[in-house]
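Okay, so here's the structure we're looking at.
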Amino acid sequence: MAKTVYLYTVGCQMNVLDSELVASELLAAGYQLVHSPRAADVILLNTCSVRQHAEDKIYSALGRLKHAKQRRRQRIIGVLGCLAQKDQAQILRRAPHVDLVLGPGQLGRLREALEEIENGRGPVVYTSWPRTAGTRAEIARSFASFDPPRRSEVRAIRHQALVRVMFGCDKFCTYCVVPSVRGPEQSRPAAEIEAEVRRLADQGVVEVTLIGQTVNSYHDRSSGRSVRLADLLYRIHDTPGLRRIKFVTNHPNHMDDDLLMAVRDLPKVNPYFHVPAQSGSDRMLKLMKRGYTAAEYWQMLQRIRSIVPGAAITSDFIVGFCGESEEDFQQTVDLVRRARFKNCFIFKYSPRPGTKAAELLADDVPEPVKRLRNNQLLAIQNAISLEDNQALVGQFMEVLVEGPSKVGRKLCGPAAGQLVGRTRCDRIVVFDGQPELAGRIVPVLIQRAEAVTLFGALADCQPTPPLAACDACKAH
Ligand code: SAH
Ligand code: SF4
Ligand code: F3S
């Protein structure tokens, strides 16, 4: 009988993609995927370390899994991903029932590790080198790329796919654990990415999202010629079957005009930029080692908006970073008010062991103040998102249908027949329609707006009102 595997994933899109690849590889090796840990011979947790909360969730899940292991001793419990790289063998001390600790740069050794454990040679710990353990090339090699053939049946939405264009990070923002858990910045060869996008499109994928920690610093020199992100967009743009291209996450310092012009000129590339600011205070930005001032970030926003009119821009902010005063926070509030982001992700600062901030700066903003600032900033951003979304009511938007809507399911049960999709500027739209529309791009008339969701109706079902397109769509 086929062995069963349960795979639980937290963290960013890097982890979502890693889990898809792990699932693809295990399926190819004859495993069967199951949706409950109870039914599984192998339980794998793909983990995140970016904030303490993400780690706590995993350690408490591991606590619960102790009984699962006691019930069936043959069962294999594995910790994959960033926490595996960060805590390494320490995981075995806190959770001795764990059989496998596998860093994100070691996923290619998963099958070998499972075999070793089955043969009684566990527990197995495979992690990559620490950032100070050798030359850059040696460390980079220890964070190996993992690219097994992809199976569309393991993707939540089959016609959308993440494509890794680079991994790792060399920025070393003082609060961030990513450079140590994901290793040095490495760009994948453009030819490999092109071939992967072609294969995905042949499988029916209509939208690809190119991912990297700082995706706009993509730079492939492997063919002897320099290929930047803008060049890569041109190279994949005409892939037959492909309808949309997105890319995340951008760093403000690499938002070159070439890239902006590529987004403007290539109709399949969405006019959408996720470009985290982190703070509006120069003092905080310096302590965070972000490498730009609030004024420089602002100028970058202006450049995006002048070259790609109507582009949707989103950001991340950290509140309560070391020494953040009320005045520093007000500068962030001011930036958020002026920038009119489509939406923002706001995080309370969480000290990460091993980072410069955790070693050198005091985490001195009290938790209630962090919470208050988080809520205040969120409320300001939500009001802006709502206002800007309401301005879209009455317009037609091109929506790529993802599938049945969770909102619809929650409100009215699975028979509700509501679909969810995204506009070119990455806004979420909920509307009535048949599930067979999944993967299609349809015109939707926007009728109502909330801060994060637009509600509308398939334009085909409407009397023909005058055609108006949102600014971003007009730009094409
Ligand atoms: N590579 C991306 C994002 C990486 S992590 C970038 O450079 O912007 C995603 C987000 O988590 C970050 O943008 C930041 O806002 C947040 N984050 C990272 N480390 C954090 C920490 N120690 N505490 C709180 N938030 C953090
Ligand atoms: Fe972390 Fe900064 Fe790298 Fe983003 S750019 S992953 S925040 S170190
Ligand atoms: Fe978390 Fe690792 Fe992503 S720390 S945010 S899963 S790169």
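Miscellaneous remarks
- Residue in the stretch 130-143 that is touching a Pro at 6+ places or on another chain (Cβ under 8 Å) and farther than 30 Å from A277 by Cβ present: no
- Within the stretch 197-208, the set of residues being surrounded by 20 or more Cβ atoms within 10 Å (Cβ to Cβ) and either within 16 Å of ligand 2 (Cβ to nearest atom) or of a type in the set (D, E, K, R) (or both) comprises E207 only.
- Some residue of the stretch 283-299 being of a type in the set (S, T, N, Q) and over 17 Å from T174 (Cβ atoms): yes
- Hey, P130 within 16 Å of ligand 3 (Cβ to nearest atom), part of a loop (DSSP other than H, G, I, E, B) and either under 22 Å from A68 (Cα atoms) or touching a Ser or Thr at 6+ places or on another chain (Cβ under 8 Å) (or both) or not: yes
- Cβ pairs under 7 Å, 6+ apart, first in the stretch 62-89 and farther than 16 Å from Y8 by Cα and within 16 Å of ligand 3 (Cβ to nearest atom), second open to solvent by 20 Å² or more (accessible area, probe 1.4 Å) and not in a helix (DSSP H, G or I): Q85/T127; Q88/V125; Q88/T127
- Of all the numbered requirements in (1) of a type in the set (A, V, I, L, M, F, W, C); (2) more than 19 Å from P179 (Cα to Cα); (3) surrounded by 14 or more Cβ atoms within 10 Å (Cβ to Cβ), A362 misses one, and that requirement is (3).
- Top-ranked residue of the stretch 10-31 - restricted to ones that are polar (S, T, N, Q) and away from ligand 1 (no atom under 16 Å from the Cβ), ranked as farthest from the chain's Cα centre (by Cα): S24
- Taking the criterion of being closer than 16 Å to D265 by Cβ and either open to solvent by 10 Å² or more (accessible area, probe 1.4 Å) or more than 16 Å from ligand 2 (Cβ to nearest atom) (or both), the residues of the stretch 209-245 that qualify are R228, A230, D231, L232, L233, Y234, R235, I236, H237, D238, R244, I245.
- Filter result for the condition that a residue is β-branched (V, I, T), away from ligand 1 (no atom under 16 Å from the Cβ) and in contact (Cβ under 8 Å) with a residue 12 or more places away in the chain, over V208, V181: V208
- Leading residue by the ranking (most open to solvent (accessible area, probe 1.4 Å)) among those in the stretch 148-181 that are more than 18 Å from the chain's Cα centre (by Cα) and more than 15 Å from ligand 2 (Cβ to nearest atom): P149
- Restricting attention to the stretch 34-58, the residues being crowded, with 16+ Cβ neighbours inside 10 Å and more than 14 Å from ligand 3 (Cβ to nearest atom) number 7.
- Residue check for E192: open to solvent by 60 Å² or more (accessible area, probe 1.4 Å), under 20 Å from V22 (Cα atoms), more than 16 Å from ligand 2 (Cβ to nearest atom) and modelled with pLDDT of 95 or more: yes
- Pick from the stretch 21-33, criterion more than 16 Å from Q106 (Cβ to Cβ) and open to solvent by 20 Å² or more (accessible area, probe 1.4 Å), ranking: farthest from ligand 3 (Cβ to nearest atom): G30
- When N15 is tested against (1) among the polar types (S, T, N, Q); (2) open to solvent by 10 Å² or more (accessible area, probe 1.4 Å); (3) in contact (Cβ under 8 Å) with a residue 40 or more places away in the chain, only condition (2) is not met.
- When A89 is tested against (1) under 28 Å from Q213 (Cα atoms); (2) crowded, with 17+ Cβ neighbours inside 10 Å, just one condition goes unmet, and that condition is (2).
The values are calculated or read from the model by the stated rules, or taken from the named source; none is laboratory data. The structure displayed is predicted, hence computed values, not measured ones. Cβ coordinates were reconstructed from backbone atoms using ideal geometry, including for glycine residues, and neighbour counts include every protein chain displayed. Ligands, DNA and RNA are stripped out before the accessible areas are found, and what is left, the full protein with its side chains, is counted by its heavy atoms. Shrake-Rupley method; radii C 1.70, N 1.55, O 1.52, S 1.80 Å.
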